[in-house]
Number of protein chains: 2
Amino acid sequence: MEISYTEENYLKAIFKISEQDGKPASTNAISSEMNTSAASVTDMIKRLSDKTLIHYERYRGVTLTKRGEQIATHLIRKHRLWEVFLVDKLHFSWDEVHEIAEQLEHIKSQRLVERLDEYLAFPKFDPHGDPIPDADGNFAIRKQALLMDFQPGEQGIVVGVQDHSTTFLQYLDRMELVLGTPVELLEYFEYDESMRILINQKREQVLSKKVCQNLFIQKR
Amino acid sequence: MEISYTEENYLKAIFKISEQDGKPASTNAISSEMNTSAASVTDMIKRLSDKTLIHYERYRGVTLTKRGEQIATHLIRKHRLWEVFLVDKLHFSWDEVHEIAEQLEHIKSQRLVERLDEYLAFPKFDPHGDPIPDADGNFAIRKQALLMDFQPGEQGIVVGVQDHSTTFLQYLDRMELVLGTPVELLEYFEYDESMRILINQKREQVLSKKVCQNLFIQKR
DNA sequence: ACTATTTTTTAGACTAACTTAAAAATATAT
DNA sequence: ATATATTTTTAAGTTAGTCTAAAAAATAGT
């Protein structure tokens, strides 16, 4: 049974929404994620349901079947592996790779994914710190906390971002807050909820609330 | 102006036919190359013509405009660069890469192509010996002749194939007639138009007419 | 030059994916 | 509990790309 490019994107959207919200994806949530009308979503839901890729009860939201979830995680796997390729091998920066990987994730070839994975030395995380699922769809879990939730004195290293926007990634580049950078929380300012941190054991920097809410740190 | 995946494939087909036949591509030739009906081709011709990607006069055949040709050669460039990547970096064999490259050639990103080209050290030929056009669409020309047209005593090295079928490529692998292999024509048999050749200065082998017609050799 | 064959185009219809507008079902609020 | 608001679905229509069957144009044979 053939699955189209478009159907793949819907499955990915449904996976993302379910993961975020922890409940079935609503028609509106999907239409917003896909930038299409709610009517188009209802239409597509029928097709995906006919192909037993989703569970669907009208007015009740959508969840993925085993097969639908397998397709979605495989897309995520390919997307993130290609991102690693683009950054590690072709020297793109982490804020440039999403759109290209969005296309590359649809390339169909089991062997290609396996070889690429091997070529990249079986990476477990992509350039933004997001886990790369294995061929069975299992994600590595990393203990990580938002910088926001740290207490003064606690240390850790930058392992990921919550916000994947280009502007945020470029901001982090300027601040030299790339993945793997050691940080220590020095001081919390109640006034504007900003934080003063020590970057790389040498530079001090004050970060806004918004930044602290979007930066994942692994405690050590 | 957006050009679809399908439109790109039509442009590539038209380029290929014009190149082979040296004259405008007929509706039937295109429908045969694309595995679609002649009616579908007529339809698509109108669309491509509206987008000024082809010159079209009804019942007269189709030629590419400058812009159409530029798109076609750029697709070929991407296709062949990806083939080099798959063979050189991911260790695919030359008979496995066509289908995957057929998908990869549609990935849209100027920067990606440039970086890939650089990463592969600016190759001028793909794994089948076909020339890779540069960013302006210029193909390197290599003096090559079919083994068929050699005289006994003449020597050269294998530089390409006319027939790109999996079976032929696998046959060549078995015979150790890969790109770069030195060969010498020892004897021509008029009876069945077969040829006895010396491979790699050590092994003798008789090749059928069909093989000799499909193997490009650079004389030396 | 006229008939026969081949090639190309037109006509009409299908599917996937999309839209807007209206109707129906569900959820919320007083 | 009923009115209001929100969400979802249905209805009807569009576009790209495809098809088959029939018509029209071009080519070829005697």
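Accessible area, 1.4 Å probe, largest first: how do B:Asp163, A:Asp192 sort?
Reading off the accessible areas and sorting them downward yields A:Asp192, B:Asp163.
Given the rule -39500 (n - 2.57) for each run of at least 4 DSSP H residues, summed and divided by the residues of chain A, what is its mean residue ellipticity at 222 nm, to the nearest 500 deg cm²/dmol?
Counting only the DSSP helices, I get -12000 deg cm²/dmol.
Rounded, prolate or oblate: which fits the range B:145-219 when a ≥ b ≥ c are the square roots of the eigenvalues of the alpha-carbon gyration tensor, with rounded for a/c under 1.5 and prolate only if a/b beats b/c? Intermediate results must be reported in sequence, preceding the final value.
Numbers: a/c = 1.43, a/b = 1.19, b/c = 1.20.
Because its axes are fairly even, with a/c under 1.5, the range B:145-219 counts as rounded.
Just the number please: accessible area per residue for chain A, 1.4 Å probe, all protein chains included, in Å².
54 Å²
If you place +1 on the Cβ of every Lys and Arg and -1 on the Cβ of every Asp and Glu, how big does the dipole about the Cα centre of the range B:145-219 come out, in debye to the nearest 20?
200 debye
Taking 0.36 nm per intervening residue step and subtracting the Cα-Cα distance, what contour gain separates A:Glu19 from A:His55 on full extension?
Values: separation 36, 0.36 × 36 = 12.96 nm, distance 1.57 nm.
Fully extending the segment from A:Glu19 to A:His55 adds 11.4 nm.
Identify the residues of the range B:194-217 with backbone N under 12 Å of a label point that sits 7 angstrom from the Cα of B:Gln151 along the Cα-to-Cβ direction, or state none.
Backbone N within reach: none found.
Scan chain B and hand back the longest stretch that contains none of the chymotrypsin sites (Phe, Trp or Tyr not before Pro) lying in DSSP loops with at most 10 other Cβ atoms within 10 Å.
The segment B:60-190 is the longest one with no such site.
Tell me the relative contact order for the range B:25-147 as a rounded percent, counting alpha carbon contacts under 8 Å between residues six or more apart.
Averaging sequence separation for qualifying contacts and normalising by length gives 20 percent for the range B:25-147.
Could you give the length gained by full extension between A:Gln201 and A:Asp134, i.e. 0.36 nm per residue of separation minus their alpha carbon distance, to one decimal place?
Result: 20.7 nm gained on full extension.
Run the numbers on the range B:99-160 and let me know its relative contact order in percent, using alpha-carbon pairs under 8 Å that are six or more apart.
Normalised by residue count, the contact order of the range B:99-160 is 22 percent.
Carbon and sulfur together cover what percent of the accessible area of the protein assembly as shown at a 1.4 Å probe radius?
Percent of accessible area from carbon and sulfur atoms in the protein assembly as shown: 47.
Kirkwood Rh, Cα Rg: Rg to Rh for the range A:79-132?
0.93
Given B:Lys16/B:Lys124; A:Lys89/B:Lys202; A:Lys51/B:Lys46; B:Lys12/B:Lys124; A:Lys46/A:Lys124, which pairs have Cα atoms separated by over 30 Å?
A:Lys89/B:Lys202; A:Lys51/B:Lys46; A:Lys46/A:Lys124
In 5 Å bins starting at zero, report the fraction of Cα pairs in chain A per bin as a rounded %.
Result, from short to long distances: 1, 7, 13, 16, 15, 14, 13, 10, 6, 3, 1, 0 percent.
If you bin the C-alpha pair distances of the range A:5-64 every 10 Å from 0, what whole percents do you get?
Here the calculated profile for the range A:5-64 is 26, 65, 9.
If one takes the accessible area of chain B alone plus chain A alone and subtracts that of the pair, with a 1.4 Å probe, what total in Å², rounded to the nearest 100, results?
1700 Å²
Counting only C-alpha contacts under 8 Å and six or more residues apart, can you give the relative contact order of chain B as a whole percent?
15 percent
As a test of understanding, state the convex hull volume per residue of the range A:34-106 from its alpha carbons, in Å³.
With only Cα atoms used, the range A:34-106 gives 100 Å³ per residue.
Find how many whole Å separate the alpha carbon centroid of the range B:12-77 from the alpha carbon centroid of the range A:113-192.
49 Å
How shielded is A:106-116 by partner chains, expressed as the average number of their Cβ atoms within 10 Å of its Cβ atoms? Intermediate results must be reported in sequence, preceding the final value.
Numbers: counts 3, 6, 3, 8, 0, 5, 8, 0, 1, 5, 3.
Average per residue, whole number: 4.
Bin width 10 Å, alpha-carbon pairs only: give the P(r) of the protein assembly as shown as whole percents, running from 0 to the bin holding the largest distance.
4, 16, 20, 23, 17, 10, 6, 2, 0, 0
The values are calculated or read from the model by the stated rules, or taken from the named source; none is laboratory data. In this text the structure is predicted, and so the values were computed from the model without any measurement. Here Cβ is always computed from backbone atoms with ideal geometry, including for glycine, and neighbour counts include all displayed protein chains. We work out accessible area using only protein heavy atoms, side chains counted, and drop any ligands, DNA or RNA first. Shrake-Rupley method; radii C 1.70, N 1.55, O 1.52, S 1.80 Å.
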